[in-house]
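Comments concern the structure below.
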Amino acid sequence: MFACSKPADAPPPSAAAPAATTAAPAPKMPVASLPKVTADGMLAQIKVLSSDEYEGRAPGSPGEEKTVQYLTSQFEKLGLKPGNTDGSYVQKVPLVGITGAEAKPLIVGRGNTLRAGFKWKNDVVAWTKHVADGAQIDNSDIVFAGYGVVAPEYNWDDFKGIDLKGKTMIVLVNDPQIPDPADPSKLDSRMFNGTAMTYYGRWTYKYEEAARRGAAGVFIVHEEKPAGYPFSVVQSFLGERFSLVAKDNNMGRASIEGWLSLDAAKRLFKLAGQDFDALKKQATTREFKPVTLGLKASMALRNTRRTIESRNVLAKLEGSDPVLKNEYVVYSAHWDHYGIGAPDKKGDKIYNGALDNASGVAQILEIARAFTQVQPQPKRSIIFLMVTAEEQGLLGSEYYATNPPYPLAKTLANINIDEVNPWGRTKDITVIGLGASDLDDYLRDAAAEQSRTLRPDPESEKGFYYRSDHFSFAKQGVPALYADDGVEFIGQPADYGKQKRDEYTNNDYHQPSDEIKPTWDLSGAVEDAALMLAVGYRVANADKYPEWKPGNEFRAKREESLKNR
Ligand SMILES: [Zn+2]
């Protein structure tokens, strides 16, 4: 649902990109000498994938069948090997679609006298990921666990050893909002990346932490500013949601996961004789300890569900070095989009997803073509991975990263493409999460050869780093690169990029009208493709593995994973 979220407004940040450090070793073929990706080649692929015949490419639909067939045939034509170790071009991704409904409302109380009910959708939005007919919590002790964060690198632990088995956690949204001691009107830049959201701030992290602690229930208190979106967006989570199916049928997850509106949370805390704002303030300190509210929660959900088997499509270009060919660079782009849905004003109900993300798939197909032509061939193997169900919550990429056909400890990098720039050449290129890993240095070097510069994500507080498929790799420790359109368009007024992007966001984003436009100019996307090709090629030939920068939240995971290499 947060698929390929793009910052809607992208004012140029004043800070320049951090100074270059050189991590890209030899051999370093100039970007200009690599085989070219062409605009015509990309456009031809986008035309096919975004045509009405492909029905908007929804997982589990006839559009999936066509897409999988097409991508497979393209890989075969390029002479690429099957990407899966079973000799096929697909990795099956089992998904369950669950539509949850309230069976018994959320009731909170103490004994028989003190009780309060909370209204479905207005006060509380909840679901279960359990592959079962329903789920419930029954007289479960409620504990306020602050931000619900354990972050050793910040010496931060909201739990302080409390046992949450069978209990219901209430947690705050975003990561700990710690005021700067020098200027309390700002956030402390040394903690949790200041205003930028870390993964500890994402709701997915909080539900995962609840599962790790064996909690029965978990509710996040919604607040619009730190969440980055209104409660209506949370309410739109109701309806069918696809999930991956773990071996335990997701029974290891908390029985009930959900959100409380701010108003509902305040009432609940008041019932416990506590002041929400006072506890929230305490939660911004290291000394915070979980607060048992002395209340019990009960609620039940009923599920309607179906299972489907969707597919990632993948191909391999085998490395030319007899040893290094067993190490990998993975390019990814999601092939899925929203399929056929509610009609727009013109009566069009096919969500073609031309930019999102036929364009990214097209770019990778053309990068793959260039890779087959490059001389010398890369030493390490290149995997071209087109994933399913990104729009359902990065599911295809998560499945790949948790069931990898090739060891992640031997996967040097992920390069992800979600929507290309269709508005012409730019002087810059945006990197979501700039400064996260050595891959940025590779990109900076390559961009300099095109006289272009890197630009940080202008809306890092919204956590866009966690909203496309590269994140599935990052989470497992694999350094990942996700670049986005530049903002300074050559030969155009300063606000051209923002204007084009706003037009797209307001009119076409996740709409049936996301179609090829006669005004498209893929010359910028061609230059970006050359950079992505150069970065992957250079990493595939490099003397050492790219690393996360010191202090990065995924660095520890990578170090642990490389120990078992
Ligand atoms: Zn997308």
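Which value does Rg/Rh take for the stretch 243-308 over its C-alpha atoms, Rh per Kirkwood? Walk me through the intermediate numbers first.
Details: Rg = 16.7 Å, Rh = 15.2 Å.
With Rg and the Kirkwood Rh in hand, the quotient comes to 1.10.
Loop-resident trypsin sites (Lys or Arg not before Pro) (DSSP state other than H, G, I, E or B) in the stretch 225-276 with no more than 16 further Cβ atoms inside 10 Å of their Cβ: K247.
Note on the stretch 408-491: the C-alpha convex hull projects to 5.7 nm² when averaged across all orientations.
Across the stretch 78-129, the volume of the C-alpha convex hull divided among the residues equals 153 Å³ per residue.
For n ≥ 4 DSSP H runs only, could you compute -39500 (n - 2.57) per run for the chain, divide by its residues and tell me the 222 nm figure to the nearest 500? Don't skip to the answer; put the middle values down first.
Numbers: 14 runs with 142 residues, N = 565.
One gets -7500 deg cm²/dmol as the mean residue ellipticity at 222 nm.
Computed from label points 7 Å out along Cα-Cβ, the spacing between M251 and T85 is 2.8 nm. Per residue, the chain exposes 39 Å² of solvent-accessible protein surface, assessed with a 1.4 angstrom probe and all protein chains in place. With contacts defined as alpha carbon pairs under 8 Å and 6 or more residues apart, what's the relative contact order of the chain in percent? Value for the chain: 24 percent.
For the residue pairs K119/K296; K47/K517; K316/K475; K165/K225; K379/K544, the alpha carbons lie more than 21 Å apart in K316/K475; K165/K225.
Each residue, T304 and E559, gets one label point 7 Å from its Cα in the Cβ direction; the gap between the two is 5.0 nm. Sorted largest first, the principal axis extents computed over the alpha-carbon atoms of the stretch 267-415 equal 71, 51, 28 Å.
Where the alpha-carbon atoms of the chain are placed on the principal axes, they occupy 77, 54, 51 Å, in descending order. Percent of C-alpha pairs per 5 Å bin in the stretch 490-565, short distances first: 3, 11, 11, 14, 14, 10, 12, 14, 9, 3, 0.
The H on the amide N of D141, modeled in the peptide plane, is under 5 Å from the matching H of T168, A297, each at least 5 residues off or on a different chain.
What is the antiparallel percent of DSSP beta bridges lying wholly in the chain, to the nearest 5? Display every interim value, and only then the final one.
On the way: 56 of 90 bridges.
Just about 60 percent of them are antiparallel.
Packing, taken as the mean count of other beta carbons within 10 Å per residue, orders the peptides 217-224, 399-406 from highest to lowest as 217-224, 399-406.
Inter-part distance, the stretch 430-468 to the stretch 197-215, computed on C-alpha centroids, equals 26 Å.
Here the scattering of the stretch 140-291 is modelled by Debye summation over its C-alpha atoms, one equal scatterer each and no solvent; at q = 0.08, 0.17, 0.21 Å⁻¹ the log10 of I(q)/I(0) is -0.22, -1.03, -1.52.
Value of Rg to Rh for the stretch 32-167, rounded to two decimals, is 1.18; Kirkwood radius and Rg both from alpha-carbon coordinates.
The values are calculated or read from the model by the stated rules, or taken from the named source; none is laboratory data. Being a predicted model, the structure only gives us computed values, none of them experimental. No Cβ is skipped: glycine too gets one built from the backbone with ideal geometry, and neighbour counts run over all protein chains shown. Side chains included, ligands, DNA and RNA excluded: accessible areas come from the protein's heavy atoms. Shrake-Rupley method; radii C 1.70, N 1.55, O 1.52, S 1.80 Å.
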